[in-house]
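Down below is the structure, laid out as structure tokens.
The values are calculated or read from the model by the stated rules, or taken from the named source; none is laboratory data. Being a predicted model, the structure only gives us computed values, none of them experimental. All Cβ positions, even for glycine, are placed from backbone atoms using ideal geometry, and neighbour counts span all protein chains on display.
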Amino acid sequence: MPELPEVETIICGIKNQIINQEIADVIVRQRKLRWLIPRNIESKLIHSVFCKVSRRGKYLLLIANHGTLILHLGMSGKLQILPGDHLPDKHEHFAIVFANGKSLCLTDPRRFGAVLWTALNPLEHKLLASLGPEPLTVDFSADYLFSKCKNRTTKIKSLLMDSHIVVGVGNIYASEALFFAGVLPCRLAKSLTAEESAKLVRAVKEVLKKAIKKGGTTIRDYVTSDGNFGCFQNYLHVYGRTGTSCRKCNTLIEEQRLGNRSTFYCPKCQR
DNA sequence: AGTGCGGCCTGTCCGC
DNA sequence: TGCGGACAGGCCGCAC
């Protein structure tokens with residue numbers, strides 16, 4: 001399930017292969033993703049080139065000089081560079097064929113992903129405009145998180161996963177960051193001290209940075225753009241480890257449902 | 001305004 | 001072996 005480190009890894013993998021490559025064809029096999037792929041997407045893309053690839057949160061931005069293709073991988077989306085003559089997977093819904101013969105292919109069995117086009121500044125797009133700060137910038141600071149936690153009665157894990165507070169922190173990395181900060185996921189946001197907020201901000205940054213270094217986390221679906229698996233799953237401390245012993249204190253890791261999400265924690269290391 | 005939940009999807013796994 | 005149901009989960013959009 002692509003979270004920020006996975007999206008970052010994918011960008012590294014595809015960037016140099018698609019920038020300045022002329023688009024020869026666009027194939028839409030399944031228009032119905034989270035939203036319909038715009039009808040005119042083909043005419044927007046064919047014969048143009050992407051001059052820049054970046055991301056905002058988990059949204060990938062493929063920037064051309066007349067607009068931006070916005071991609072979201074949902075939870076089962078894969079983005080891969082494949083030979084133009086490859087046999088498409090059953091769930092390959094969208095492909096951009098470049099003049100050099102290679103294709104950028106979106107495969108997404110669960111179809112929670114999205115393909116959008118905007119002619120405007122993508123950061124002003126409805127879906128992106130109200131997003132919170134990037135976790136790896138100075139804007140995501142101890143003071144910032146502490147101020148957002150004030151008076152909030154929601155659980156700290158839910159707040160951490162709210163993209164309007166901070167982007168890119170999904171279920172896996174929220175559990176992991178809370179472990180390293182020593183904070184129980186079910187704590188109310190407003191109960192965090194300034195010190196705990198600071199610890200949590202540091203933990204989020206460190207967990208995400210390390211995950212990017214390791215090429216992301218492969219639980220089931222995720223592969224990098226060259227078809228490899230990430231390897232951060234080998235470094236997880238709580239996520240998916242219910243009933244196994246804590247890597248710090250040997251206490252058994254516990255699991256609970258929080259906001260309809262599986263949540264993992266060490267009852268001794270986290271308070 | 002803040003909070004919580006339903007809906008969108010399909011593959012996988014479990015129990016009967 | 002086959003089948004139904006639970007579960008996985010990002011994130012919008014709605015209801016309270």
| Which of (1) buried (at least 21 other Cβ atoms within 10 Å of the Cβ); (2) more than 16 Å from DNA strand B (Cβ to nearest atom); (3) over 19 Å from the mean Cα position of the chain (by Cα) is the odd one out, the single condition A:L82 does not satisfy? | (1)
| request: List every residue pair whose Cβ atoms sit under 9 Å apart, with the two residues 6 or more apart in sequence or on different chains, where the first one lies in the range A:212-239 and is of a type in the set (V, I, T) and part of a loop (DSSP other than H, G, I, E, B) and the second, anywhere, is away from DNA strand C (no atom under 16 Å from the Cβ) and modelled with pLDDT under 75. | output: A:T218/A:T224; A:T218/A:N228; A:T218/A:F229; A:V223/A:F229
| How many residues does the range A:130-143 hold that are modelled with pLDDT of 90 or more and either within 18 Å of the chain's Cα centre (by Cα) or farther than 30 Å from A:E206 by Cα (or both)? | 8
| Can you name every residue in the range A:235-253 that is away from DNA strand C (no atom under 13 Å from the Cβ), modelled with pLDDT under 90 and either surrounded by 13 or more Cβ atoms within 10 Å (Cβ to Cβ) or of a type in the set (D, E) (or both)? | A:Y235
| Quick check: anything in the range A:132-144 among the polar types (S, T, N, Q), surrounded by fewer than 24 Cβ atoms within 10 Å (Cβ to Cβ) and more than 10 Å from DNA strand C (Cβ to nearest atom)? | yes
| said: Between a residue in the range A:65-92 that is in contact (Cβ under 8 Å) with a residue 24 or more places away in the chain and among the acidic types (D, E) and any residue that is away from DNA strand C (no atom under 16 Å from the Cβ) and assigned to a loop (DSSP other than H, G, I, E, B), which pairs come within a Cβ distance under 8 Å, given they are 6 or more apart or on different chains? | reply: A:E92/A:R29
| said: Quick test of your reading of the structure: A:K44 fulfils all but one of (1) under 19 Å from the mean Cα position of the chain (by Cα); (2) outside any strand (DSSP E or B); (3) surrounded by 16 or more Cβ atoms within 10 Å (Cβ to Cβ). Name the failing condition by number. | reply: (1)
| request: Could you tell me whether the range A:153-175 includes any residue that is loosely packed, with under 15 Cβ neighbours inside 10 Å, away from DNA strand B (no atom under 16 Å from the Cβ) and of a type in the set (A, V, I, L, M, F, W, C)? | output: no
| Within the range A:64-78, tally of residues that are of a type outside the set (S, T, Y), within 12 Å of A:P122 (Cα to Cα) and buried (at least 18 other Cβ atoms within 10 Å of the Cβ) | 3
| Looking at the range A:33-48, is at least one residue touching a helix residue (DSSP H, G or I) at 6+ places or on another chain (Cβ under 7 Å) and either acidic (D, E) or at pLDDT 95 or above (or both)? | no
| message | So, A:A194, is that one under 21 Å from the mean Cα position of the chain (by Cα), over 19 Å from A:Y265 (Cβ atoms) and more than 12 Å from DNA strand B (Cβ to nearest atom) or not? | response | no
| message | If I filter the range A:41-64 down to residues being among the polar types (S, T, N, Q) and in contact (Cβ under 8 Å) with a residue 24 or more places away in the chain, which single residue comes out as farthest from DNA strand C (Cβ to nearest atom)? | response | A:S48
